[in-house]
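So the structure is just underneath, and the comments pick up after that.
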């Protein structure tokens, strides 16, 4: 009887092992699909804004195996979006928190004042130690402490895990002081610049200069802007018109994410440019109207 039970266990063991292997593969596949949905899976250069309890502000960035930290003086005056007027940069987050939208106001203000696409924010209640900025541990700490809930962020856990893994691959770190006049070349996206797709930006509102304002973001990131002009019709939302031959390009995904655009595919020939970005009333409201 005992031998029979042993034989049954031996027979069951391969099936149990196979079940565990299949379960493990399903878990890996599930995590891969979740990571693939993250914008940080396809983005080559990712930029974030960090603020501390002491109102110190920094923009930090990852691209391939390179890290960059830009220390922005918190007492410098900036034009706050949403029509708030001029404030010290270090006070923007607290200003937005009056409406419980501190992260949104800080990201949008940094993005529009310095023309740096910002993909997330971090609030660190501990004083920021700038002596550690030349080490990849700075990047790893931000993402790891955010995963533990010690640092406040608007990113989800899968984003943070992916970024933590990327941070551990960094080999070089550059630290720059906040010289606002000389940051134009710091945040170039190699893939965006490498594709060199032609982009035109149209203003579909009654407000002057909106297309030129919107053009600063992709242009500073390395995109090729060939034209800014007014659209023929007024519209509310952002629209990205894509030539069929340019569909699924990195540039398309980048523009759609940064400007939160609906994408519409054109015919094979497309328009006068590979991509036409039409900014609408909502973009103007973000710059000029309170919530």
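The values are calculated or read from the model by the stated rules, or taken from the named source; none is laboratory data. For clarity, every value in this text was computed on a predicted model and none was experimentally measured. Here the Cβ is made from the backbone with ideal geometry for all residues, glycine too, and neighbour counts use every protein chain on show.
It is to be established whether one or more residues within the range 139-148 are outside any helix (DSSP H, G or I), surrounded by fewer than 16 Cβ atoms within 10 Å (Cβ to Cβ) and modelled with pLDDT of 95 or more.
Initially, the range 139-148 is screened for residues outside any helix (DSSP H, G or I), giving 148.
Remaining after also requiring surrounded by fewer than 16 Cβ atoms within 10 Å (Cβ to Cβ): 148.
From the residues that got through so far, the ones that are modelled with pLDDT of 95 or more too are 148.
Yes, because at least one residue in the range 139-148 is outside any helix (DSSP H, G or I), surrounded by fewer than 16 Cβ atoms within 10 Å (Cβ to Cβ) and modelled with pLDDT of 95 or more.
Do you know which residues across the range 117-129 are at pLDDT 95 or above and part of a loop (DSSP other than H, G, I, E, B)?
The answer is 117, 118, 119, 120.
Yes or no, residue by residue, for (1) over 30 Å from residue 256 (Cβ atoms); (2) at pLDDT 90 or above; (3) part of a strand (DSSP E or B); (4) touching a helix residue (DSSP H, G or I) at 6+ places or on another chain (Cβ under 9 Å):
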| position | (1), (2), (3), (4) |
| --- | --- |
| 24 | yes, no, no, no |
| 41 | no, yes, no, yes |
| 62 | no, yes, yes, yes |
| 83 | no, yes, no, yes |
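Can you say whether residue 186 is farther than 16 Å from residue 261 by Cβ and either in the same structural domain as residue 280 (by TED's automatic domain parsing) or in contact with a strand residue (DSSP E or B) (Cβ under 7 Å, 6 or more places away or on another chain) (or both), as far as the supplied structure shows? Even if it seems obvious, please write down each step before you answer.
On the way: farther than 16 Å from residue 261 by Cβ: yes; either in the same structural domain as residue 280 (by TED's automatic domain parsing) or in contact with a strand residue (DSSP E or B) (Cβ under 7 Å, 6 or more places away or on another chain) (or both): yes.
Yes; evaluated as a whole, the condition is true for this residue.
Can you say whether residue 92 is outside any helix (DSSP H, G or I), closer than 25 Å to residue 282 by Cα and touching a helix residue (DSSP H, G or I) at 6+ places or on another chain (Cβ under 6 Å), as far as the supplied structure shows?
On the way: outside any helix (DSSP H, G or I): no; closer than 25 Å to residue 282 by Cα: yes; touching a helix residue (DSSP H, G or I) at 6+ places or on another chain (Cβ under 6 Å): yes.
So residue 92 fails the test.
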Item to complete: Please verify whether the range 156-173 includes one or more residues that are assigned to a strand (DSSP E or B) and either more than 16 Å from the chain's Cα centre (by Cα) or within 27 Å of residue 277 (Cα to Cα) (or both).
Response: yes
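State yes or no: is residue 205 over 27 Å from residue 73 (Cα atoms) and within 17 Å of the chain's Cα centre (by Cα)?
On the way: over 27 Å from residue 73 (Cα atoms): yes; within 17 Å of the chain's Cα centre (by Cα): no.
Criteria not met by residue 205.
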Item to complete: Please find, among 100, 55, 148, the residue that is more than 16 Å from residue 167 (Cα to Cα) and touching a residue at least 24 places away in the same chain (Cβ under 8 Å).
Response: 55
Discussion item. Could you go through the range 154-164 and let me know if any residue there is under 24 Å from residue 73 (Cα atoms), at pLDDT 95 or above and assigned by TED's automatic domain parsing to the domain that holds residue 97.
Written reply: yes
Discussion item. For the range 69-97, which positions are in contact (Cβ under 8 Å) with a residue 40 or more places away in the chain and either farther than 17 Å from residue 288 by Cα or touching a strand residue (DSSP E or B) at 6+ places or on another chain (Cβ under 9 Å) (or both)?
Written reply: 69, 70, 71, 72, 73, 76, 93
Worksheet item: Within the range 181-194, which residues are at pLDDT below 95 and not in a loop (DSSP other than H, G, I, E, B)?
Response: 181, 182
